[in-house]
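Every read-out reported here was derived from the displayed coordinates using simple, explicitly stated rules and does not represent laboratory data. All values derive from a computational prediction rather than experimental measurement. No Cβ is skipped: glycine too gets one built from the backbone with ideal geometry, and neighbour counts run over all protein chains shown.
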Amino acid sequence: MAHTPLFRAGASAAFRAWLLVGLFLLLALASGAFAFYHSQWWSRVGLAPSQPVLFSHRHHAQELRIDCRYCHSSVETSPFAGMPSTQTCLSCHSQIFTDTAMLRPVIASAEENRPLRWARVTRIPDFVYFDHRLHVARGVACAACHGPVQDMALTAKGERLDMRQCLDCHRHPAPYLPAGTAAAKTLTDCTACHR
């Protein structure tokens, strides 16, 4: 009885070739995932969502020097910074630039007694608790987390706001505090943010 080989003569070379192709594809997939995670499509940094009103932080915060707390009025008293209401906008714009196309959504909001629906620029995961009032009370500037908003014509996400950034700030807070402010002991307990 003749002995039949289990594998053909070239099977070993073909197996090695397919193994190399598989490893190359796995490496390409891992590299693509890494690149996507570090891209703005994942982090949304630099992307400005469409808003109901064409609003420029550069004009209002930098040129006119309006304090952030005027429009984001609950930033010192609430975990959330709050978004400007129609009445906040109209406290100035009922007197100036009342007939411009940019302000039509604000005027319509007031006439229809319907709030403006601002699109969120910065979003943190639902499993993370963040309290604006605690950070503002310590003197952490808005730009530390939101980037140079005062320089933005259209508001875009300025920082990744991932866990690494939060931990870096909590472990070494001095660079994020006003000059001369003593860096107090900060929370690094997981339950402070993950509740």
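For the range 41-52, take each phi angle, set θ = phi - 60°, evaluate the Karplus expression 6.51 cos²θ - 1.76 cosθ + 1.60, and give the result in whole Hz per residue in order, putting x for glycine and proline.
5, 8, 7, 6, 5, x, 9, 9, x, 5, 10, x
Using modelled backbone amide H atoms (1.01 Å from N, in-plane), which distant-in-sequence or interchain residues come within less than 5 Å of LYS157's amide H?
Long-range HN contacts for LYS157: GLY46, LEU47.
Hydropathy at least 1.0 by Kyte-Doolittle, axial extent at least 20 angstrom from the Cα trace: which helices of the chain, defined as entire DSSP H runs, fit? Present the calculation step by step, with values, prior to reporting the outcome.
Numbers: long enough: 11-37 (39 Å, 1.75).
Qualifying helices: 11-37.
Place a label point 7 angstrom from the Cα of ARG123 along the Cα-to-Cβ direction, then list the residues of the range 47-67 whose backbone nitrogen is under 13 Å away.
So the set is 49-50.
If you put +1 on each Lys and Arg Cβ and -1 on each Asp and Glu Cβ, how big is the dipole of the range 112-185 around its Cα centre, in Debye rounded to 20? All intermediate terms of the calculation are to be shown ahead of the outcome.
Values: 11 positive and 7 negative charges, 25 e Å.
It works out to roughly 120 debye.
Hey, could you pull the Cα Rg and Dmax for the range 113-164, both in Å?
12.9, 42
Please give the FRET efficiency for LEU90 paired with THR191, using the beta carbon to beta carbon distance and R0 = 41 Å, rounded to the nearest 0.05.
Working: r = 42 Å, r/R0 = 1.03.
It comes to 0.45.
Could you tell me the calculated FRET efficiency between GLU63 and ARG104, based on Cβ-Cβ distance and R0 = 22 angstrom, to the nearest 0.05?
Details: r = 22 Å, r/R0 = 1.01.
Efficiency, from the Cβ-Cβ distance: 0.50.
If you average the sequence gap of Cα pairs under 8 Å that are 6 or more apart and divide by the length of the chain, what percent do you get for the contact order? Working shown, then result.
On the way: 179 pairs, mean separation 49.0, N = 195.
Reported as a whole number, the value is 25 percent.
Could you work out which residue, out of TRP41, TRP18, TRP118, moves most in a Gaussian network model of the chain, that is, has the largest mean-square fluctuation with Cα springs under 10 Å?
TRP18
With the chain treated as a Gaussian network of Cα nodes joined by springs under 10 Å, which of ASP126, ASP151, ASP168 yields the largest mean-square fluctuation?
Largest GNM mean-square fluctuation: ASP126.
Starting from the 7 Å offset along Cα-to-Cβ, what nm value, one decimal, do you get for the label separation of HIS172 and LEU27?
3.4
Full-extension gain between SER73 and ALA11, please, as 0.36 nm times their residue separation minus the C-alpha to C-alpha distance. Don't skip to the answer; put the middle values down first.
Details: separation 62, 0.36 × 62 = 22.32 nm, distance 7.20 nm.
Extra length from SER73 to ALA11 when fully extended: 15.1 nm.
Springs between alpha-carbon atoms under 10 Å, Gaussian network over the chain: tell me which of ALA28, ALA81, ALA13 tops the mean-square fluctuations.
Greatest mean-square fluctuation among the candidates belongs to ALA13.
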